[in-house]
1. Most mobile of E259, E11, E116 per a Gaussian network model of the chain (Cα springs, under 10 Å)?
2. Taking the Cα centre of the stretch 2-90 as origin, sum charge times position over the Cβ atoms of Lys and Arg (+1) and Asp and Glu (-1), and report the length of that vector in debye to the nearest 20.
3. Amide H neighbours of V196 under 5 Å, counting only residues 5+ apart in sequence or on other chains, H built in-plane at 1.01 Å?
4. Gain in length, S48 to C267, computed as 0.36 nm per residue apart minus the alpha-carbon separation, to one decimal in nm?
5. Might you report the magnitude of the Cβ-based charge dipole of the stretch 109-337 about its Cα centre, with Lys and Arg at +1 and Asp and Glu at -1, to the nearest 20 debye?
6. Rank A74, I25, G45 by how far each Cα sits towards the positive end of the charge dipole of the stretch 1-74 (+1 on Lys, Arg Cβ; -1 on Asp, Glu Cβ) and give me just the farthest.
7. At a 10 angstrom cut-off on C-beta neighbours, averaged per residue, how do the peptides 229-237, 19-27, 305-313 rank from highest to lowest?
8. Can you find, among S172, G306, M124, the residue sitting farthest towards the positive end of the charge dipole of the stretch 109-337, where Lys and Arg contribute +1 and Asp and Glu -1 at Cβ?
Amino acid sequence: MINKLNELEKEALAKIAAAESINEINDIRIYYLGKKGEITNISKGMASLSSEEKPLFGQALNQAKVAIEEAINAAITNMEAQALAAKLAADSIDVTLPGKSFAYGSKHPITRVIDEIKEIFMSMGYEVVEGPQIETDYYNFEALNLPKEHPARDMQDSFYITPETLLRTHTSPVQARTMEQKKGAVPVKVICPGTVYRRDDDATHSPEFHQAEGLVIDENITMADLKGMLLTFARQMFGADREIRLRPSYFPFTEPSAEVDISCFVCGGKGCKLCKDTGWIEILGSGMVHPRVLEMSGYDPEKVRGFAFGIGIERIAMLKYGINDIRALFENDERFLKQF
Ligand code: PHE
């Protein structure tokens with residue numbers, strides 16, 4: 001019987017050593033050590049042994065059980081470790097692979113121009129202020145001397161939300177809002193960049209576009225101050241040898257009003273494609289703040305005067321970067337935006 005036992009033990013250990021999975025090992029355990037297993041069966045023969053043989057066989061039986069048990073546990077531990085190692089190897093990062101590159105954004109040309117305009121005017125002592133994009137009819141038109149039914153309202157085809165609210169058609173309402181806030185105090189010296197909306201859509205007009213409004217109010221402000229300020233701006237934005245010229249124009253909220261041109265920065269004024277052979281390029285609208293506008297927002301036109309101007313941001317960006325279709329600025333095409 002002891003021989004048979006030793007044989008069973010050897011056979012079990014060999015099978016354990018050859019096993020390839022934890023399932024196989026569990027089957028081996030049941031086959032030898034289970035309730036009806038080979039070792040269990042052989043132990044039942046103990047009853048027929050003599051009292052001298054019994055302890056010897058008992059000892060051998062225990063040793064065999066322990067040996068098989070230990071071999072099983074060792075095999076399982078080993079297999080688990082191998083499985084873990086394999087999983088780690090599969091999941092681990094290969095540090096020699098090239099990394100995932102991610103694209104850096106760049107400033108949108110409109111943001112660049114707005115930032116540059118802010119810089120230039122801040123360096124001249126202007127304060128940056130903003131106003132709401134959804135505006136009341138009062139601030140967008142009436143406070144700017146454009147009463148209801150005023151024909152000049154047609155110059156700015158608007159997106160109305162209700163009869164009294166609309167998407168602002170220009171940044172000029174920030175003039176009135178600022179004056180109200182300053183409550184008659186001088187000087188007022190603000191630059192107001194922001195988004196504006198009009199029912200316009202072609203290669204040079206977008207329904208959503210941007211402006212920067214300038215407003216200066218003080219005692220003794222004249223049109224010469226306006227011209228000097230705009231010359232400084234033109235030179236910082238488009239080059240130190242730029243000249244400007246003012247052409248008479250009309251805005252209901254300024255009197256007199258002027259369209260401002262800069263000397264062409266491509267041909268220097270000789271005439272070329274960009275300036276359509278005139279030597280001049282229009283860049284903004286401006287004028288002396290209308291006395292009625294001052295009055296409506298709490299300033300006494302007998303005591304103070306002011307000037308205002310409105311810069312079209314897209315126009316500046318298109319000129320500066322040689323963009324010929326305004327829509328390129330709003331299409332979010334990376335091939336276009338990457339160039340800035
Ligand atoms: N708000 C005018 C426009 O959008 C521009 C402007 C601003 C003109 C300030 C004069 C003074 O056309």
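1. E11
2. Details: 10 positive and 12 negative charges, 47 e Å.
For the stretch 2-90, the charge dipole is close to 220 debye.
3. Under 5 Å from the amide H of V196 lie the amide H atoms of F209, H210, Q211, each far enough along the sequence or on another chain.
4. Working: separation 219, 0.36 × 219 = 78.84 nm, distance 12.11 nm.
Difference between extended and current length: 66.7 nm.
5. Details: 26 positive and 36 negative charges, 117 e Å.
My answer is approximately 560 debye.
6. G45
7. Result, highest mean Cβ count within 10 Å first: 305-313, 229-237, 19-27.
8. Among S172, G306, M124, the one farthest towards the positive end of the dipole of the stretch 109-337 is M124.
The values are calculated or read from the model by the stated rules, or taken from the named source; none is laboratory data. All values derive from a computational prediction rather than experimental measurement. So basically every Cβ, Gly included, is an ideal-geometry build from the backbone, and we count neighbours across all protein chains shown. Surface areas here come from the heavy atoms of the whole protein model, side chains and all, with no ligands, DNA or RNA. Shrake-Rupley method; radii C 1.70, N 1.55, O 1.52, S 1.80 Å.
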